[in-house]
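The values are calculated or read from the model by the stated rules, or taken from the named source; none is laboratory data. Source: prediction; values computed, not measured. No Cβ is skipped: glycine too gets one built from the backbone with ideal geometry, and neighbour counts run over all protein chains shown.
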Amino acid sequence: MSEATPLFVVGLGLIGGSLVRAATGHRAVTGWSPSEETRAAAARDGVAVADSLDGLLSTAADRDGLVVLAAPTTAFPQLLARVNAMAPTVRLTDVGSVKAPVQELAERLAPRTRFIGGHPMAGTASSGWEAGSAELFRGAAWVTTLTEDSDLDVWAEVATLAIEAGSRVVPAEPEAHDRSVARVSHLPHLLALALAQVGAEGGPLDLALAASSFADGTRVAGTRPDLIRAMCEGNREALVSAMDDALGILGVARGSLASTGSLQRITAAGHQGRADFDSREAGLEPAELSGEDMVEQLLAVGSSGGHVVSVDRDADGGVVARAFVALED
């Protein structure tokens, strides 16, 4: 592919700060944070830091760069308004944990931007610039969302950025992404919070006896409450459905334990679920993707449990990709 597109990162917390570090060396990177302290810390670490959001966006427009919104999603309406004012046709992505609401916001508040939603499935319980690491995304899934109107050239830019950071690119429709992360990301945060509360309410002896199963199960409960709320409350409908499923499973298990003394059903099904997770890449086969129905091919990769590992151009400049996909029998 041609010379790497310059990157402009809005927000320098855990995810934005890690992205700046991971992208440095692959392309020119400029960052900005609303926090003067964070901007100073990033500058001390050698990052090119813009003095203002409008300045960063103006430069991104002039250089035809890729802008990444790495701030909390609650700030997106204000940020998108500035994008629309300063860089209305810029290439744009985000790293937010919900995708359908962000897609709608981008289409409504910055309708001429070339937007591809993104969500790296990586993080820690820590936050802020100092918590960031260039290795945070290595081996992680990085969702890139697609609709029938998506610009494949911008998708290729976002996918390349994710691959440079060491991630596996998983294409998905925005709504499908939100349903999935409700089950495998947002619900686990709520379960961790509930487990931490149950343990703490048991008293000092309970916490003194708590070992690795409690520590592992409550790790993400250490995340800042405002970040958990923004993530989970922004995906309310899908998360309520996932909570209903979890409560139903626990209700059946409670009834079985109380009436028969058996937990056979939940232990067998849960054990199999974990085995399915551990073998999730078994059976994936390499595939080359190209052609006019590229969006449909990419979405099929994600829905099959597969991922994209490289992006390039063909002789005519069209996007081609290499992927691993579960092939139909």
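See the values below:
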quantity	calculated
Top-ranked residue of the range 25-57 - restricted to ones that are under 22 Å from the mean Cα position of the chain (by Cα) and part of a loop (DSSP other than H, G, I, E, B), ranked as modelled with the lowest pLDDT	H26
Tally, over the range 292-310, of residues that are touching a helix residue (DSSP H, G or I) at 6+ places or on another chain (Cβ under 9 Å), of a type outside the set (S, T, N, Q) and assigned to a helix (DSSP H, G or I)	5
Unmet requirement for V68, which otherwise passes all of (1) in a helix (DSSP H, G or I); (2) surrounded by 14 or more Cβ atoms within 10 Å (Cβ to Cβ); (3) in contact with a strand residue (DSSP E or B) (Cβ under 9 Å, 6 or more places away or on another chain)	(1)
Some residue of the range 182-195 being closer than 26 Å to D293 by Cα and surrounded by fewer than 24 Cβ atoms within 10 Å (Cβ to Cβ)	no
Options G217, G222; residue that is out of contact with any strand residue (DSSP E or B) (no Cβ under 8 Å at 6 or more places or on another chain), at pLDDT below 95 and under 26 Å from G139 (Cα atoms)	G222
Answer from A238, A159 - the residue that is closer than 22 Å to T93 by Cβ and assigned by TED's automatic domain parsing to the domain that holds D64	A159
Residue pairs meeting the criteria (Cβ under 6 Å; at least 6 apart or on separate chains; first within 14 Å of E173 (Cα to Cα), in the range 89-100; second polar (S, T, N, Q))	V98/N235; K99/T145
Set R168, R112, R179: member being in contact (Cβ under 8 Å) with a residue 40 or more places away in the chain, more than 21 Å from M231 (Cβ to Cβ) and either touching a strand residue (DSSP E or B) at 6+ places or on another chain (Cβ under 9 Å) or surrounded by fewer than 20 Cβ atoms within 10 Å (Cβ to Cβ) (or both)	R168
Residue satisfying condition, being charged (D, E, K, R) and touching a Pro at 6+ places or on another chain (Cβ under 9 Å), within set R265, R313, R322	R322
Candidate set: the range 73-109, residues that are among the hydroxyl-bearing types (S, T, Y) and in a helix (DSSP H, G or I); chosen: the one surrounded by the fewest Cβ atoms within 10 Å (Cβ to Cβ)	T74
Residues located in the range 300-329, provided they are among the hydrophobic types (A, V, I, L, M, F, W, C), farther than 22 Å from F277 by Cβ and within 22 Å of the chain's Cα centre (by Cα)	V311, A321
Candidate set from the range 262-294 (those that are in contact with a strand residue (DSSP E or B) (Cβ under 8 Å, 6 or more places away or on another chain) and among the hydrophobic types (A, V, I, L, M, F, W, C)); member that is farthest from T160 (Cα to Cα)	L284
